[in-house]
Every structure is written in C-alpha cells, then in structure tokens.
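Below is one structure; the comments refer to it alone.
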C-alpha cells in the first residue's frame, strides 16, 4: 500500500509548492510517486512546469502527476453502475442519467477524490502526494470512513427493524442472492453486506490513523491568521486520528512559529528560485512522522482516555456519551470513540482540559 502524504494550511501559504517539492524529493530518493492535485485549473501545471490531465502522466523519472477532475471520475464510476444495472434488470432506468449530472451533489468532489486515492493506493506507487484544498474539506474527506461507520453503527438496527425492510425482504431476497452473492439460508442476510461495508470502513479508519499509511504536514507563514489556521487544522486533524508529522514554515523562520507548535518539529523552507533543489533538500522525511504525537491514548489502570486537541480551548470542546461510545465535538469536527471493552458500560465521571489534552475519566 502507498503512503498518502498531504499538506494543510491557509490558502496562499505555499501548500502546492511544498507538495510538488515533496513529490520531487521522494521520486529522487527512488520512490514511485503519484502527485495528485484537486485543482483542475491551470495554476497547478504552471507551478509544476509540466502539463498533466485527469490520468497519471509521467513528469520525470519515478514521478507521475494528475489533476483530479470530478466530472471525469464521476462519469467513470457512473458508467460502471449502469453496466451492472443492465446485467440484472430487464428494463434499466439509470441508462438515461449521466454521471456529470450528479456532480452538483454536496461532498461529491471529496468522495470521488477519496475513492481515486484509494484505488491508486493499491496500484504501482509507493507514495501519493495529495495536493487538496488543505482545509476542513480535506479533513472531512479523510474522515469519511469514521463518519459513515458511525452512521452504520447508530442506525443499522433501526433500519433492520423497520416495517419497510420487513415488507421488502421477500423481494430483496432473489436480487441480493444474485448481485451481492448473499446466502439467505441463515436468516441474517442483511447482516452480510453490512459486515462487508463495516470491514471496508474499519480498514479506512485504521489507514488514516496509521502514520505509515497517511501523514499530513502543516504549512504556514509568519502571518497570525496563517498560524492560527494551521493550529486549528492541527487540532481538527487529531479529531479524525490523522498523524501530523510537523510544520513547514514558509517565507519565515522556524523560530517565528515554534511557540505555536511546541510538540512538532518545524522546518524552515528557503525561498524558491530557478531550482527546486533547495526546497527538496530542506523538506522533512515523512517516514519520521511515526514519532509525532498520537491523537489518543488509553490508560486502563486509571480508567482514563486522553485526547490530544491542540488549537482548541476548553470552551470549544463538547463531550457526550451514548452507549459504548463517547463523542467529542471540537470546532467543526466530530469524533466518535468506540471505547475498549474494559471501559464500555462505565459512565463518564469527569473530564478536564489541560496542556491541549482532554482527559476523560470513567467510573471504576
């Protein structure tokens, strides 16, 4: 599986330049690299100095680049849906619907980008450098497996026990047996596709939380709003369990931003001239991100769960408990923590916010 590397920060801080330099750095080190941008406009190709399109294009040895285009990705996926429909239905009704017509659906761009990264991740690349929007949109995209998993856990029983499902079951039985390869003899037919989806979502959640699979770096200048945005995105990244490996200080000095990111290594980025080499040599090695602070730790001896939430204050954090889960809301992000078996069924007795950590205590 390829390592997915991305960059977070306020617009105008140089995220795209850093992403390109990182792709060149890793390619020069012998890694097979795909540089994927979610910007379909001309700016990306101008900075890169080479044209690329919606498919991977060889730029230099070990380095391919592409611009993710929602219309192309959606059309490809939608055509496959229609082909499958035509195989099993005598009168398919989706054949007159075009994939591009669905591109206006909220969140579709992010969902398609995540699916594209997932497909290329298992292909012929060692590293995928993803130049996304670098803000909450990127984090919501990477957090999709966790969000969908929560909805599936929360509402699955409601769905299975509904009168609609009970009424449709006799009609769904032959279709599911053919299309989904589901065995209905055991009486738990609807559980089987649900379990398959759960497995996929769990794999996605584990990948995002694994610094050997997905790593982000913060990019900032010395401007107060850029530093504040980077700090906020750092805390938001912790909410989805994403590893932030460090800070890239652009157009400034490391000392100017060090105080705001005390737990992270800060790398100063030199000014770019005609050559990419100074930037390539300055960037950190993403393999060192395994030493970055973890987003959550559990201490069963003290019955406590500690969450690392930099960039937030106590007033911005809200905690609720539902069954075996604890939900943490911080900023625009929600994290649903499925408690370990030893803590399930035990009520929250207290919570305190200290040194950027939310420490939750449970009844003995």
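Screening segment 109-124 for residues that are surrounded by fewer than 21 Cβ atoms within 10 Å (Cβ to Cβ), touching a residue at least 60 places away in the same chain (Cβ under 8 Å) and in contact with a helix residue (DSSP H, G or I) (Cβ under 9 Å, 6 or more places away or on another chain) and picking the one that is nearest to residue 203 (Cα to Cα) gives 118. Taken together, the residues in segment 196-223 that are assigned to a helix (DSSP H, G or I), crowded, with 16+ Cβ neighbours inside 10 Å and at pLDDT 70 or above amount to 3.
Of everything in segment 273-289 that's in a loop (DSSP other than H, G, I, E, B) and touching a helix residue (DSSP H, G or I) at 6+ places or on another chain (Cβ under 6 Å), which residue is surrounded by the fewest Cβ atoms within 10 Å (Cβ to Cβ)? Selected residue: 276. Per the listing 264, 343, 300, the residue uniquely under 24 Å from the mean Cα position of the chain (by Cα) and within 27 Å of residue 145 (Cα to Cα) is 264. The requirement of being in contact (Cβ under 8 Å) with a residue 24 or more places away in the chain, part of a loop (DSSP other than H, G, I, E, B) and surrounded by 22 or more Cβ atoms within 10 Å (Cβ to Cβ) is fulfilled nowhere in segment 290-300; no residue meets it. Looking at this structure, is residue 226 over 17 Å from the mean Cα position of the chain (by Cα) and surrounded by fewer than 21 Cβ atoms within 10 Å (Cβ to Cβ)? No: the conditions fail for residue 226.
Residue-wise test of (1) in contact with a strand residue (DSSP E or B) (Cβ under 6 Å, 6 or more places away or on another chain); (2) closer than 24 Å to residue 213 by Cβ; (3) at pLDDT 95 or above.
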residue: 4; (1), (2), (3): yes, yes, no
residue: 8; (1), (2), (3): yes, yes, yes
residue: 13; (1), (2), (3): yes, no, no
residue: 20; (1), (2), (3): no, yes, yes
residue: 26; (1), (2), (3): yes, yes, yes
residue: 34; (1), (2), (3): yes, yes, yes
residue: 43; (1), (2), (3): no, no, no
residue: 49; (1), (2), (3): no, no, no
residue: 53; (1), (2), (3): no, no, no
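Close contacts from segment 19-48, counting a first residue that is outside the structural domain of residue 110 (by TED's automatic domain parsing) and a second that is buried (at least 21 other Cβ atoms within 10 Å of the Cβ), with Cβ to Cβ under 9 Å and a gap of 6+ residues or different chains, come to none at all. The residues in segment 313-333 that are modelled with pLDDT under 85, in a strand (DSSP E or B) and touching a helix residue (DSSP H, G or I) at 6+ places or on another chain (Cβ under 7 Å) can be counted, and the count is 1.
The values are calculated or read from the model by the stated rules, or taken from the named source; none is laboratory data. All figures in this text were calculated on a predicted structure; none of them were measured in a lab. FYI the Cβ positions are ideal-geometry reconstructions off the backbone, even for glycines, and counts take in every protein chain you see.
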